[in-house]
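Below: the structure, in C-alpha cells.
The values are calculated or read from the model by the stated rules, or taken from the named source; none is laboratory data. Here the structure is a predicted model, which is why all the values come from computation and not from measurement. Every residue, glycine as well, gets a Cβ built from its backbone with ideal geometry; the counts of neighbours run over all protein chains shown. In case anyone asks, the SASA skips ligands and DNA or RNA and just uses the protein heavy atoms, side chains included. Shrake-Rupley method; radii C 1.70, N 1.55, O 1.52, S 1.80 Å.
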Amino acid sequence: MSIKVDKLSYTYQPDTPFEKEALYDLTFEIPDGQITAIMGHTGSGKSTLAQHFNGLLLPTDGSCTVNGLLVNSKNLKEVRQHVGMIFQYPEYQLFDETVLKDIAYGILLRGVDPVEAEKRAADAMRLVGLDPETLGNRSPFDLSGGQKRRAAIAGVLVMEPEILVMDEPAAGLDPEGRREILNLVRTLNKERGITVVIVSHSAEDMAELADNILVLRQGRLHAYGTPREVFSDSSNLEEAGLELPLAKQLLINLSQFLPGLDTGAYTVEGATEAIIQYSRGEAHE
Ligand code: ADP
C-alpha cells in the first residue's frame, strides 16, 4: 500500500476562535501503481487531505503513512523524496530565467551537478511533451498556459517521485490543455508506474481516468470504490454534492424509454457500447 491513513483528523487553528475541523476520523488505503481520485464538493476537505500526503500538514489526530514511512515532523525530507506534490495552478511558482533552469532547480538543491541536472531537466521536458531544444532556453513566462502548467509539472517529475499528488491539475485550462494534462497523468501512471492521487471535482474526467474514487463529504469519508461502484449510486453522490458523469446520466434517461438498457457504463465509450448492444438486441427481436 502506498498511502495508509488511519483515524486521521485535522483541525485548522485549534484552540482559537477560528478553529475549524476540516477532516474527521478518516481511515483508508491508497493502492500502489493506480490512479486514485479524491472527489467532493468545495470545502469538503480535498486539499487539506492531499496536503497530508507529503507532510505539508500533519494530522491533529491519527496518522498518515507513506511507503511504510510514518509522516511526522522528523522525516519530512524523506517523505518528500517519495511524494511529489503538484498544487493548484503550479505555474504561478515558475520563477527562473529559463524553462530548463526552472525545472532543474529542485535537483540542483539536492546536490545534483549542473550538467547532469540540465540533462535530467531536458528529459523531464520531453516526458511532459515540451521540446527542450526549442523551449528549454525560453523564459517560462513566454509559454502558453498549458505549456506553463506542464513545465511546472516537469519540475516535480525531475525529482522522480514514486507517488504524485495533484490538486486539480487541469483546472482553468482550455479543453485542449485539459486533455493534454489528463493524457499526461495517464501516461505517467501506465508507462512510468507512478502512483497518482488526483484531486478533482470533475466526474467526467475521473470517470475516464481513475481506478478508484474516494468521496469526501464535510471532511468525512463518504464513499470509496471503483468508478463503477461509486457512480452506481446517484443519490449517495448527490448527498456529497456531486453529479454523475454525463454519459451515465444519458444512459439512465434513455433507460426510461428503452427498458432493459444496461446503465452500468459511466464513460462515453462505455455508454456508446451499451447503446450499440441494445440496438443490436432490438434488431434481433
Ligand atoms: P476543498 O479542497 O474540498 O475545497 P479544503 O480542504 O480547502 O476543501 O477546505 C476544507 C475546510 O477547511 C473548509 O471548510 C475550509 O474553509 C477550511 N479551511 C481550508 N483552509 C483553511 C485555513 N488555512 N484555515 C482555516 N480553515 C481552512
Quick one: count up the residues across the range 259-285 that are crowded, with 17+ Cβ neighbours inside 10 Å and either small (Gly, Ala, Ser) or farther than 19 Å from GLU208 by Cβ (or both).
6
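Just to be sure before I move on: is GLU180 in contact with a Gly (Cβ under 9 Å, 6 or more places away or on another chain), open to solvent by 50 Å² or more (accessible area, probe 1.4 Å) and free of Cβ contacts under 8 Å to residues at least 60 places away in the same chain in the structure I sent? First the steps, then the outcome.
On the way: in contact with a Gly (Cβ under 9 Å, 6 or more places away or on another chain): yes; open to solvent by 50 Å² or more (accessible area, probe 1.4 Å): yes; free of Cβ contacts under 8 Å to residues at least 60 places away in the same chain: yes.
When the stated conditions are applied, GLU180 passes them.
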Just checking, does the range 6-13 include any residue being within 10 Å of the ligand (Cβ to nearest atom), open to solvent by 10 Å² or more (accessible area, probe 1.4 Å), in a strand (DSSP E or B) and of a type outside the set (Ser, Thr, Tyr)?
no
The range 43-52, residues that are near the ligand (Cβ under 10 Å from one of its atoms), within 15 Å of VAL83 (Cα to Cα) and open to solvent by less than 10 Å² (accessible area, probe 1.4 Å):
LEU49, ALA50
Of (1) modelled with pLDDT under 95; (2) out of contact with any strand residue (DSSP E or B) (no Cβ under 6 Å at 6 or more places or on another chain), GLN88 fails just (2)
Is there any pair with a first residue in the range 221-245 that is open to solvent by 70 Å² or more (accessible area, probe 1.4 Å) and a second that is of a type in the set (Lys, Arg) whose Cβ atoms are under 7 Å apart and which are 6 or more apart or on different chains, and what are they?
GLU239/ARG217
From the option list LEU214, LEU173, single residue qualifying as more than 21 Å from TYR105 (Cβ to Cβ), in a loop (DSSP other than H, G, I, E, B) and either of a type in the set (A, V, I, L, M, F, W, C) or not assigned by TED's automatic domain parsing to the domain that holds LEU237 (or both) is LEU173
Given the conditions (1) at positive phi; (2) surrounded by fewer than 19 Cβ atoms within 10 Å (Cβ to Cβ), which single one is not true for GLU78?
(1)
So, of the residues in the range 14-42 that are within 16 Å of the ligand (Cβ to nearest atom) and among the β-branched types (Val, Ile, Thr), which turns out to be surrounded by the most Cβ atoms within 10 Å (Cβ to Cβ)?
ILE38
